[in-house]
Amino acid sequence: QVNSGTYLHDIIDERLTMAMDCLIVKETWDNALFYFKSKGLDDTLINFLVKYAKGLSENECDQNDDSTYSFFKAIIGSDKIPLEEFSLVIKSFEFYLKASDSVVWGELEPEKLNVLIDDDAFEFSDEILVEMSKTKVYGYFLIHNKEKLMTVLTEIKYNTETAKELLASDKLSLSEKLQIVVALPDEVLDSVLADMICDLLRQQMIDIDGSK
């Protein structure tokens, strides 16, 4: 018989799933990671993460274990973890997601990608920018990293929708938006974006070369 609140290390392999399903396992990342290394992210482990998301979010998953990044990627790639619980459990990880792992995160629903952006799970790097530009949250990512964005305005790849999102954002000041206007390439302009730019220019006159 297994005592309530036991650690998985003390349970023989064939009883791992039973112990998790019966909810007699302590809600620790140590237990979750131990199970993951044996069974992967199956429905049993997902149910464990969802049920104990709040408690788990208050502690850090062992970043030094070789399997933790794989565990992190598996959680992110799962479509079975609801948004609320997803936003809680990822707080326990301190990894940057790699551009090479965009096959895992690139197809996520925008709401989950926004959670990852808010959690600073992405570096502001050339490689990440390339992959992020393929998603629906590219503008959100740029705005979240606006301090870094403002230092590389002329190096950023823009598209029409992203330009509109940047110029409509209440997170960017008028001065910042005007700097973005100067950096926008002609090919992203459409009538709506042109009207937005005119509205901004009416608020503060600038020279067309970007100097005030």
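Taking Cα atoms, how many degrees apart are the long axis of helix 29-39 and the longest axis of the chain, rounded to 10 and kept between 0 and 90?
So the helix axis and the longest Cα principal axis differ by about 80 degrees.
Any chance you could run the full-extension gain for GLU111 through ASP62? It's 0.36 nm times the residue separation minus the Cα-Cα distance, nm to one decimal.
That pair, GLU111 and ASP62, stretches by 15.0 nm at full extension.
Assuming R0 = 30 Å, can you tell me the calculated FRET efficiency for the pair ASP195 and VAL103, based on Cβ-Cβ distance, to the nearest 0.05?
Result of the calculation: an efficiency of 0.20.
Suppose all protein chains stay in the model; what accessible area per residue would a 1.4 Å probe give for the chain, in Å²?
On a per-residue basis, the chain sits at 55 Å².
Which far-off residues, 5 or more places away or on another chain, put their amide H under 5 Å from the one on LYS26, with H placed in the peptide plane?
GLY5, THR6
Calculate the tail of P(r) for the chain: the fraction of all Cα-Cα distances greater than 31 Å, expressed in %.
Across the chain, Cα pairs with separations above 31 Å total 37 percent.
Want the number for GLU123 to GLU161: 0.36 nm per residue separation, take away the alpha-carbon distance, what's left?
Answer, rounded to one decimal: 11.4 nm.
³J(HN,Hα) across segment 57-70 via Karplus (A = 6.51, B = -1.76, C = 1.60, θ = phi - 60°), whole Hz, x for Gly/Pro?
Once θ is set to phi - 60°, the couplings for segment 57-70 become 5, 7, 10, 9, 6, 4, 6, 8, 6, 4, 8, 5, 5, 5 Hz.
Share of Cα-Cα pairs in segment 123-212 beyond 17 Å, in percent?
I get 45 percent for the Cα pairs in segment 123-212 exceeding 17 Å.
With all protein chains present, how much of the accessible area of segment 99-212 (probe radius 1.4 Å) comes from carbon and sulfur, to the nearest whole percent?
Whole-percent figure for carbon plus sulfur exposure: 50.
Helix 191-203 versus the longest principal axis of the chain: what angle, 0 to 90°, nearest 10, using Cα atoms?
That works out to roughly 70 degrees.
The values are calculated or read from the model by the stated rules, or taken from the named source; none is laboratory data. Model, not experiment: these values are computed from the prediction. Methodologically, a virtual Cβ is constructed for each residue, glycine included, from the backbone with ideal geometry; neighbour enumeration extends over all protein chains shown. Remember, those area values only see protein heavy atoms, side chains included, never the ligands or the DNA or RNA. Shrake-Rupley method; radii C 1.70, N 1.55, O 1.52, S 1.80 Å.
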